[in-house]
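Encoded as structure tokens, the structure appears first; notes follow it.
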2 protein chains.
Amino acid sequence: MPAVHAISDNSFDTTARDAVYRAIFTRRDVRSHFRPEPLDDAVLARLLLAAHHAPSVGFMQPWNFIVIRDRERRRKVRDLFFDARRQEAETIAGDRQALYRKLKLEGILESPLNLCITCDRSRSQNSPLGRSHNPEMDLYSTVCAVQNFWLAARAEGIGVGWVSILDSGALKSLLGIPDHVVPVAYLCVGRVSEFAPVPDLETHGWGRRLPLPDLIMSEIFAGAGEESLKSAARHPSPR
Amino acid sequence: MPAVHAISDNSFDTTARDAVYRAIFTRRDVRSHFRPEPLDDAVLARLLLAAHHAPSVGFMQPWNFIVIRDRERRRKVRDLFFDARRQEAETIAGDRQALYRKLKLEGILESPLNLCITCDRSRSQNSPLGRSHNPEMDLYSTVCAVQNFWLAARAEGIGVGWVSILDSGALKSLLGIPDHVVPVAYLCVGRVSEFAPVPDLETHGWGRRLPLPDLIMSEIFAGAGEESLKSAARHPSPR
């Protein structure tokens with residue numbers, strides 16, 4: 001009775017489990033292939049609900065979601081991107097600058113909407129559970145919300161790209177974000193004509209996927225890692 | 001021909017999409033209900049592979065995964081937790097201290113393994129794409145890996161709890177983590193007898209889920225939010 005077994009051990013059945021892995025493995029940081037049609041409110045609300053169900057330190061739920069559609073405002077954000085990219089290009093190693101300048105790193109205007117996910121650092125003033133020693137945990141909680149949004153979007157066929165080449169102070173001014181709130185992620189969101197089979201930065205030779213076994217350690221940092229686990233990580237079993 | 005439609009718009013079919021939402025909505029920050037049996041290497045390798053497929057700024061993949069099983073080492077980590085909780089309790093508002101002290105906030109010894117997910121801040125020294133203006137992006141990438149791990153674990157029936165009440169410096173000493181590496185998340189991982197229907201902190205009256213519509217803004221921070229979207233967020237449509 002596989003169904004009973006599936007319930008008793010709390011795991012999903014194989015089809016459902018594969019779907020979760022599929023969202024994780026086929027999610028992309030999308031900069032190209034956006035289609036212009038707007039998203040239904042019902043779909044966008046589901047994605048935001050997914051974000052809102054992220055874990056948060058002390059159940060703080062520090063996030064807000066600013067939906068940005070106005071083209072003039074987005075054009076200003078894209079100008080911020082252009083400025084920041086120009087500055088960043090100068091910090092890139094000489095032999096990689098030409099490649100850097102060719103990369104497509106945002107879809108601010110091509111996507112039908114932008115979403116800024118923020119972290120209100122004052123939301124748990126009265127009950128900072130879990131933040132005394134690690135005050136950055138509220139920012140991390142907000143990142144978990146971003147990743148929930150991203151994976152739900154993949155399942156809905158919606159592309160998401162995170163634009164981090166922006167001056168935060170300038171972005172805060174443009175979006176009227178007060179001092180105690182941090183714009184954690186600026187996302188481009190929309191339906192796409194396709195999801196790339198591998199990350200763009202891999203396709204364009206910027207980087208390669210590191211071998212997972214090399215990243216696994218045991219007991220302490222630089223601990224060699226268990227051979228049986230590293231072997232399993234080298235050839236992950238079909239689910 | 002719904003199958004063809006599903007392919008052409010890149011979305012998952014309804015069953016698969018529901019599975020992704022189910023992982024998101026039923027994931028819990030687990031502190032109780034851990035069962036002691038060890039995890040198969042094959043399962044743990046899949047979870048780590050899911051983590052390794054997180055987005056990362058400039059395809060930096062800054063993470064490492066330290067698998068900690070030794071009970072003596074874990075006992076020392078739990079001692080760090082006890083110290084940190086005692087300190088944190090003193091910062092909690094008077095009327096909430098008794099509740100705070102009653103909360104179960106870790107499963108370090110009850111779970112069969114602990115996992116520290118770290119961020120190596122030096123990994124992209126030669127190509128800091130996307131970090132000139134927001135150097136914390138590597139930490140955020142690592143958090144995305146944590147959330148991937150957490151959701152894949154939920155689908156596998158495995159509970160995960162993030163312990164943030166720890167002194168980072170002391171944890172680094174205990175795990176031999178060098179200066180340029182940040183221990184982003186210390187996780188308790190294992191099979192569970194059940195997943196709680198709602199977050200523990202909600203059950204125990206520490207906090208309540210905020211209404212999603214109140215968190216949605218439009219165009220700028222404190223922008224009122226689009227009524228149609230807020231309405232959809234109030235009553236999310238069945239998928």
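Taken together, the values in this text are just the output of simple stated rules run on the coordinates, not laboratory data. Everything quoted here is computed from the prediction, not taken from an experiment. Cβ coordinates were reconstructed from backbone atoms using ideal geometry, including for glycine residues, and neighbour counts include every protein chain displayed.
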Phi-based couplings in Hz for region A:40-47 (Karplus 6.51, -1.76, 1.60; Gly and Pro marked x): 4, 4, 4, 5, 4, 5, 5, 5
Copy-to-copy spacing for B:Gly94, label 7 Å out on the Cα-to-C-beta vector, in nm, shortest first? 6.7
If eta is 0.890 mPa s and T is 25 °C, what Stokes-Einstein diffusion coefficient results for region A:70-146, Kirkwood Rh from Cα pairs, in µm²/s? 156 µm²/s
Could I have the simple spin-label model distance between B:Ala170 and B:Arg75, label points 7 Å from Cα toward Cβ, reported in nm to one decimal? 1.7 nm
Could you work out the helix-only [θ] at 222 nm for the protein assembly as shown, with each DSSP H run of four or more residues adding -39,500 (n - 2.57) and the total divided by the number of residues, to the nearest 500 deg cm²/dmol? -12500 deg cm²/dmol
How about region A:42-124: which trypsin sites (Lys or Arg not before Pro) there are in a DSSP loop, with at most 15 other Cβ atoms within 10 Å of their Cβ? A:Arg69, A:Lys104
Given a 10 angstrom Cα cut-off, can you work out which residue in A:Pro197, A:Pro55, A:Pro213 is the most mobile in a GNM of chain A? A:Pro213
Hey, got a sec? Which GluC sites (Glu not before Pro) in region B:143-239 land in a DSSP loop and have at most 14 other Cβ atoms within 10 Å? B:Glu194
Report, by chain and number, residues whose modeled amide H sits under 5 Å from the one on B:Trp63, excluding near sequence neighbours (fewer than 5 apart, same chain). B:Asp120
Taking the Cβ of A:Phe195 as the center, what net charge do the other residues with Cβ under 13 Å away carry, scoring Lys and Arg +1 and Asp and Glu -1? +2
Sort B:Tyr186, A:Tyr100 so that the residue with the fewest other Cβ atoms within 10 Å of its own Cβ comes first and the one with the most comes last. A:Tyr100, B:Tyr186
Spelling out what I want: for every residue of region B:113-118, take phi, set θ = phi - 60°, compute 6.51 cos²θ - 1.76 cosθ + 1.60 (Karplus), and round to whole Hz; glycine and proline get x. 8, 10, 9, 9, 9, 10
Viscosity 0.890 mPa s, temperature 25 °C: give me the Stokes-Einstein translational D for the protein assembly as shown in µm²/s, with Rh taken as the Kirkwood radius over C-alpha pairs. 108 µm²/s
Cβ neighbours within 10 Å from other chains - mean over B:161-172: 4
Scaled radius of gyration (Cα, divided by 2.2 N^0.38 Å) that chain B gives: 1.15
Within region A:17-202, the percent of DSSP beta bridges that are antiparallel, given to the nearest 5, stands at 95 percent
Ranking A:Ser173, A:Ser56 by Cβ neighbours within 10 Å, fewest first, what do you get? A:Ser173, A:Ser56
At A:Asp70, label 7 Å along Cα→Cβ: distances to the other copies, nm, ascending? 5.8
What nm value, rounded to one decimal, do you get for the distance between B:Arg35 and A:Asp13 when each label is placed 7 Å out toward the C-beta? 2.0 nm
